Protein chains: 2
Amino acid sequence: MASSMLDRLKAGGKKLTKPRKAILAVLEQSPLPITAADVHDRLKAQRKPADLVTVYRNLAMLQELGLVNTVGLHDGQMRYEVRHGREHHHHIQCRGCGKIVDLMLCPIKKLTALVEAKTKFAVDSHTLEFFGWCPQCR
Amino acid sequence: MASSMLDRLKAGGKKLTKPRKAILAVLEQSPLPITAADVHDRLKAQRKPADLVTVYRNLAMLQELGLVNTVGLHDGQMRYEVRHGREHHHHIQCRGCGKIVDLMLCPIKKLTALVEAKTKFAVDSHTLEFFGWCPQCR
DNA sequence: GTGTTACATGCAAGTCACTTGCAATTGTAA
DNA sequence: TTACAATTGCAAGTGACTTGCATGTAACAC
């Protein structure tokens with residue numbers, strides 16, 4: 001696990017419990033954003049089961065500390081991905097099979113100043129997700 | 001109500017019931033996307049109450065016919081806005097008070113071809129929402 | 001090591017947005 | 001006016017996520 005993550009946990013007064021370490025490991029092993037239920041299932045598969053509530057609480061905590069990003073794809077559940085060492089990016093999801101692919105691009109940075117000028121808001125984040133049909137499903 | 005909406009309903013074999021007309025009117029009167037609960041409340045305020053289930057079913061139907069857009073802002077509920085006569089656009093929401101403002105811009109069209117080339121997906125839609133702090137809340 | 005304590009966990013129950021089953025109602029077109 | 005399919009309202013169900021609370025356990029001091 002990246003030591004920066006351990007440092008951030010320590011700085012937040014968080015303990016390194018067994019379930020917590022297992023949850024972090026699952027997140028780090030996943031190249032794509034996954035749901036709380038996914039994390040729960042993988043913990044069970046690895047014979048390190050933790051309560052789904054514990055998963056939810058840890059994901060919320062990691063998000064507050066800025067260690068994970070959330071990805072909402074409008075299918076009624078949040079997905080989570082570790083932030084550490086990864087560039088800001090977006091995703092595309094297939095409407096057929098649900099497959100998610102990373103898109104290592106973001107055209108929004110240049111736009112933020114324009115949005116701020118138009119709205120007088122202080123913009124602090126944005127979401128951008130694409131939907132369509134993957135090669136297998138179209 | 002825009003006659004195109006009536007035409008589309010008719011073409012879809014839909015009846016023009018009283019609750020349905022009232023729901024459409026509420027949507028058309030709202031300049032910003034609103035939730036099913038919002039629609040339900042406004043119907044009650046207008047003395048044209050309809051069951052929340054009826055609201056949900058009509059919103060789903062209108063979305064299928066392409067007469068309304070859905071807007072997901074990651075607060076656990078969908079919002080709906082009529083499509084008729086409005087350009088494709090996005091939104092910004094205040095993290096403090098929840099206020100939503102229309103952003104009449106979209107930088108994504110030009111990007112779609114690039115995304116399709118990179119992923120081999122057939123892109124058919126995208127979501128883009130901004131979050132920040134409005135002038136009153138920051 | 002032992003003790004202390006604040007943070008964490010697991011279970012049960014609760015919440016909230018949304019959906020489904022079904023009997024009763026109502027547009028619509030013949 | 002009749003007939004039938006679409007629609008509605010109510011009740012109950014679903015699924016993601018949250019909260020309350022008693023028990024468990026890192027982490028730090030001794």
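The values are calculated or read from the model by the stated rules, or taken from the named source; none is laboratory data. Values in this document were obtained by computation on a predicted structure and should not be read as measured data. Cβ sites come from the backbone with ideal geometry, for glycine too, and all protein chains shown count toward neighbours. Calculation scope for accessible area: heavy atoms of the full protein, side chains included, ligands and nucleic acids excluded. Shrake-Rupley method; radii C 1.70, N 1.55, O 1.52, S 1.80 Å.
For A:Q46, which of the numbered conditions (1) closer than 30 Å to B:E116 by Cα; (2) more than 10 Å from DNA strand D (Cβ to nearest atom); (3) away from chain B (no Cβ under 13 Å); (4) touching a helix residue (DSSP H, G or I) at 6+ places or on another chain (Cβ under 8 Å) fails to hold?
Failed condition: (1).
Out of all the residues in the range B:33-62, which are touching a residue at least 12 places away in the same chain (Cβ under 8 Å), within 21 Å of B:G98 (Cβ to Cβ) and not charged (D, E, K, R)?
If the condition is that a residue be touching a residue at least 12 places away in the same chain (Cβ under 8 Å), within 21 Å of B:G98 (Cβ to Cβ) and not charged (D, E, K, R), then B:P33, B:I34, B:T35, B:A36, B:A37, B:V39, B:H40, B:L52, B:V55, B:L59 are the ones that fit.
Restricting to the range A:109-138, count the residues that are in contact with a helix residue (DSSP H, G or I) (Cβ under 9 Å, 6 or more places away or on another chain) and either more than 7 Å from chain B (Cβ to nearest Cβ) or without any contact (Cβ under 8 Å) to a residue 24 or more places away in the chain (or both).
Taking the range A:109-138 first, the residues in contact with a helix residue (DSSP H, G or I) (Cβ under 9 Å, 6 or more places away or on another chain) are A:121-123, A:126, A:130, A:132, A:134-135.
Right, trim to either more than 7 Å from chain B (Cβ to nearest Cβ) or without any contact (Cβ under 8 Å) to a residue 24 or more places away in the chain (or both) and you get A:121-123, A:126, A:135.
Residues in the range A:109-138 being in contact with a helix residue (DSSP H, G or I) (Cβ under 9 Å, 6 or more places away or on another chain) and either more than 7 Å from chain B (Cβ to nearest Cβ) or without any contact (Cβ under 8 Å) to a residue 24 or more places away in the chain (or both): 5 in total.
Would you mention how many residues in the range B:1-41 are more than 10 Å from DNA strand C (Cβ to nearest atom) and among the polar types (S, T, N, Q)?
4
Would you call B:T70 within 13 Å of DNA strand C (Cβ to nearest atom) and more than 10 Å from chain A (Cβ to nearest Cβ)? Explain how you work it out, then say what you get.
Details: within 13 Å of DNA strand C (Cβ to nearest atom): yes; more than 10 Å from chain A (Cβ to nearest Cβ): no.
No, not satisfied.
Which residues, taken from the range A:10-29, are at pLDDT 95 or above and either more than 15 Å from DNA strand D (Cβ to nearest atom) or of a type in the set (A, V, I, L, M, F, W, C) (or both)? Please lay out each step first, then the result.
In the first step, residues of the range A:10-29 are kept if they are at pLDDT 95 or above; the result is A:14-29.
Across the range A:10-29, the qualifying residues are A:L16, A:A22, A:I23, A:L24, A:A25, A:V26, A:L27, A:E28, A:Q29.
Does A:L65 satisfy the criteria of being more than 9 Å from every other protein chain (Cβ to nearest Cβ), among the aliphatic types (A, V, I, L, M) and in contact with a Gly (Cβ under 7 Å, 6 or more places away or on another chain)?
Numbers: more than 9 Å from every other protein chain (Cβ to nearest Cβ): yes; among the aliphatic types (A, V, I, L, M): yes; in contact with a Gly (Cβ under 7 Å, 6 or more places away or on another chain): yes.
Taking the combined requirement at face value, the residue satisfies it.
Can you give me the ranges of the strands (runs of 3 or more DSSP E) entirely in the range B:1-116 with at least 1 residues that are of a type in the set (S, T, Y)? Please lay out each step first, then the result.
Details: elements: B:68-72, B:78-82, B:90-94, B:100-103.
The strands (runs of 3 or more DSSP E) meeting that bar are B:68-72, B:78-82.
So B:I92 passes all but one of these: (1) open to solvent by 20 Å² or more (accessible area, probe 1.4 Å); (2) touching a helix residue (DSSP H, G or I) at 6+ places or on another chain (Cβ under 8 Å); (3) in contact (Cβ under 8 Å) with a residue 12 or more places away in the chain. Which condition number does it fail?
It fails just one condition, (1).
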